[in-house]
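Peer 1: Here it is, the structure in full.
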Amino acid sequence: MPEHTHNGMQCNEFDALLSDALDGVLTGTVLDRFQAHAHSCKACGPLFAEAEAGRGWLKGLMEVEPPANLVANILASTTGVDTQRLRASVPQHRVTWLEQMQASVSGFLEPVWATVRQPRFAMSFGMAFFALSVGLTVAGVKPTDIRAISLRPSAIRHTYYETRARVVRYVDNVRPVLELQAAIHGVKRNLEPAEPGRQTKPAKVREEKNDDTTQQPEQKQERNYSQTDSRYMLACAPLGPSVSDLPVVSVSTYRRLV
Amino acid sequence: MEDVQVIAMLVRRCIAGDAAAWEEIVQTYNRRIYNICYRFAGTGDDAEDLTQEVFIKMYRTLSSYDSSKGAFVTWVTTITRNLLVDHFRKTKQDRMTDSMDTAASEHEDAQPLSEQIQDQSAPPDAHVRSREVSETVHAALARLSPELREAVILRDLQDMDYREIATVLRVPEGTVKSRINRGRAELARLLQRTYRQVM
């Protein structure tokens, strides 16, 4: 800084008083001389303005917040142990055996679970579950029944004997019914004519189809109606004392000569 | 304003092995030391590491503190300043005041600070703008020489008086005042180009 004198104050004196002037502690004639020198000196005037501006910039800086774990790190690096207050501020979490087991199992279950969570597999599992639930509902299985099942050996043995007795009772009860059904079927079988539908129905169809026979040559009839009619008559005849009481039926056939 | 008696008692208890007393000292001064380190080093990570180093050094040399020689905060600030100077020498950040037109980084895409500021559009939120201004001033502060930077930090950010600063820096009070004035003026010149319209 050049050693010039303006208004009775040299530049080095101005520089020494600059801090006090910015702090506002200069008073009286010293302050007047300082201000006069700042206005007249081309070097000290801008210096005063810049110093005042820089001080304003620095005063505008806010205090920064230290990291949250700074104190804990300092204490750990100096004393090596956490203090009681720090330990009290940090909630202690006790790991249960269930959480340990979940942590160990999740290691190899996680890839499987990631595969299962794919949409196609999820849809398949959903449909399977739906079908199973519907099947169990139709079968009458209730969750309460499953919950009530006892897996003790004595209970299993009791269930086995009870189920076996139930099956035996069911078969015994069903046997007379089956025998009765078999007898009824036997009677029906005896009463029914031998293949009645096979001969009558095709004949009717043939008659309906060949209703108009004027333009067609007549086909040869080889059916023995006498035997068929007599069998019908025998089936419909009341049970009498003897065969001689039956009415005499004469059947004649007309055959057209071609 | 620290209570001398309370601090002296805390130091005695700490030297006797009272962990709670040490924790109270850490709780009281960690913010101040972290801010000095942050403004001087420039980054939060460096400031955190340096703050831990300061407290480790304090913990080891706490018995050397003599309350008759000065205030505890002056002693703490002296330890911090010495460690910051050592850190500065290790990292060889041997740069003096730069123009803002000089690139801040060695990267090719790095822009001068003035261009970075000019490219930013005016934020609608005043809080955002204030934060950006603070970051700009912080970046400009990092461009001051270490002698000027530590002087203005201790005076304008930590509100220490000239005598305490002279004790910490081990220079006369006149030199302290001169460094503070030069530091302020240099900072203003660095910021003046960008914020001329604001000023």
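The values are calculated or read from the model by the stated rules, or taken from the named source; none is laboratory data. What you see is a predicted model, and the numbers here were worked out from it, not measured in a lab. Heads up, the Cβs are rebuilt from the backbone with ideal geometry, glycines too, and the neighbour counts pull from every protein chain shown.
For every residue, the table says whether it meets (1) of a type in the set (A, V, I, L, M, F, W, C); (2) surrounded by 21 or more Cβ atoms within 10 Å (Cβ to Cβ); (3) touching a residue at least 12 places away in the same chain (Cβ under 8 Å); (4) away from chain A (no Cβ under 11 Å).
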residue: B:141; (1), (2), (3), (4): yes, yes, yes, no
residue: B:148; (1), (2), (3), (4): yes, yes, yes, no
residue: B:153; (1), (2), (3), (4): yes, yes, yes, no
residue: B:163; (1), (2), (3), (4): no, no, no, yes
residue: B:168; (1), (2), (3), (4): yes, yes, yes, yes
residue: B:179; (1), (2), (3), (4): no, yes, yes, no
residue: B:184; (1), (2), (3), (4): no, yes, yes, no
residue: B:187; (1), (2), (3), (4): yes, yes, yes, no
residue: B:191; (1), (2), (3), (4): yes, yes, yes, no
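Peer 1: Within region B:17-30, can one find any residue that is crowded, with 18+ Cβ neighbours inside 10 Å and within 19 Å of residue B:153 (Cβ to Cβ)?
Peer 2: Yes, the conditions are met somewhere in region B:17-30.
Peer 1: Are there any pairs, at least 6 apart or on different chains, whose C-beta atoms fall under 8 Å, with the first in region A:59-76 and without any contact (Cβ under 8 Å) to a residue 60 or more places away in the chain and the second assigned to a loop (DSSP other than H, G, I, E, B) and among the charged types (D, E, K, R), and if so, which?
Peer 2: A:72/A:82; A:75/A:82; A:76/A:82
Peer 1: For region B:38-84, which positions are β-branched (Val, Ile, Thr) and out of contact with any helix residue (DSSP H, G or I) (no Cβ under 7 Å at 6 or more places or on another chain)?
Peer 2: B:43, B:61, B:73
Peer 1: Next up: Between B:99, B:68, B:105, B:134, which is surrounded by 15 or more Cβ atoms within 10 Å (Cβ to Cβ) and either among the charged types (D, E, K, R) or modelled with pLDDT under 90 (or both)?
Peer 2: B:134
Peer 1: Name the residues in region A:23-51 that are of a type in the set (A, V, I, L, M) and buried (at least 20 other Cβ atoms within 10 Å of the Cβ), would you?
Peer 2: A:38, A:47, A:51 - these are the residues of region A:23-51 that are of a type in the set (A, V, I, L, M) and buried (at least 20 other Cβ atoms within 10 Å of the Cβ).
Peer 1: Which of the residues spanning region A:159-182 are within 28 Å of residue A:133 (Cβ to Cβ) and among the aromatic types (Phe, Trp, Tyr)?
Peer 2: Correct list: A:160 only.
Peer 1: For the subset of region B:9-52 comprising residues that are assigned to a helix (DSSP H, G or I) and touching a residue at least 60 places away in the same chain (Cβ under 8 Å), which member is nearest to the other protein chains (Cβ to nearest Cβ)?
Peer 2: Taking the candidates together, the pick is B:35.
Peer 1: Take the residues in region A:142-158 that are in a helix (DSSP H, G or I) and within 35 Å of the chain's Cα centre (by Cα), then tell me which one is nearest to residue A:132 (Cα to Cα).
Peer 2: By that ranking, first place goes to A:143.
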